[in-house]
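S.K.: One structure coming up, written as structure tokens, with questions to follow.
Any read-out appearing in this document is the output of simple, stated calculations on the displayed coordinates, not a laboratory observation. Treat the numbers as computed from the prediction; the structure is a model and nothing was measured. Glycine gets a Cβ as well: all are built from the backbone with ideal geometry, and neighbour counts include every protein chain shown.
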Amino acid sequence: MERKYGNGSIYRRQDGRWVAAVCSRDPVAGKTVRTYLYGKTKQEALQKKMELLAKRKELAATSGLTASHS
């Protein structure tokens, strides 16, 4: 099953740490920004990723910003 854009990926580095990488768009510059979250275990990296995605969703819901077309 494929992940949707922005849901991120998790992989293990050569030094043994786990990395969760999450992409998003910078609203000012319009460029893609990748955020890296590190953990000692896969579960820790996954937890950090889920917290970041939940925080983003919460910010989007409370910001009240909407897209409009001119």
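S.K.: Modelled label-to-label distance, Q43 and A21, 7 Å Cα→beta-carbon offset: nm?
M.R.: Simple spin-label model gives 2.6 nm for this pair.
S.K.: Sticking with this one: Compute the distance in nm between two label points, each set 7 Å from the Cα along the Cα-to-Cβ direction, one at R34 and one at L53.
M.R.: Distance between label points: 1.8 nm.
S.K.: Round to the nearest 0.05 the FRET efficiency obtained for S9 and T62 when R0 = 35 Å and r is the Cβ-Cβ distance. Kindly include the intermediate steps, with their values, before the conclusion.
M.R.: On the way: r = 27 Å, r/R0 = 0.78.
Here the calculated transfer efficiency is 0.80.
S.K.: Which whole-number percent of Cα pairs in segment 9-53 have a distance greater than 16 Å? Before the final figure, lay out each step's value.
M.R.: Details: 376 of 990 pairs.
The calculated P(r) of segment 9-53 puts 38 percent of pairs beyond 16 Å.
S.K.: Within 10 Å, count the other beta carbons around each residue, average over each peptide in 44-52, 30-38, and list them highest first. Numbers along the way, then the final one.
M.R.: Details: 44-52: 16.6, 30-38: 11.3.
Going by the mean number of other Cβ atoms within 10 Å, highest first, we get 44-52, 30-38.
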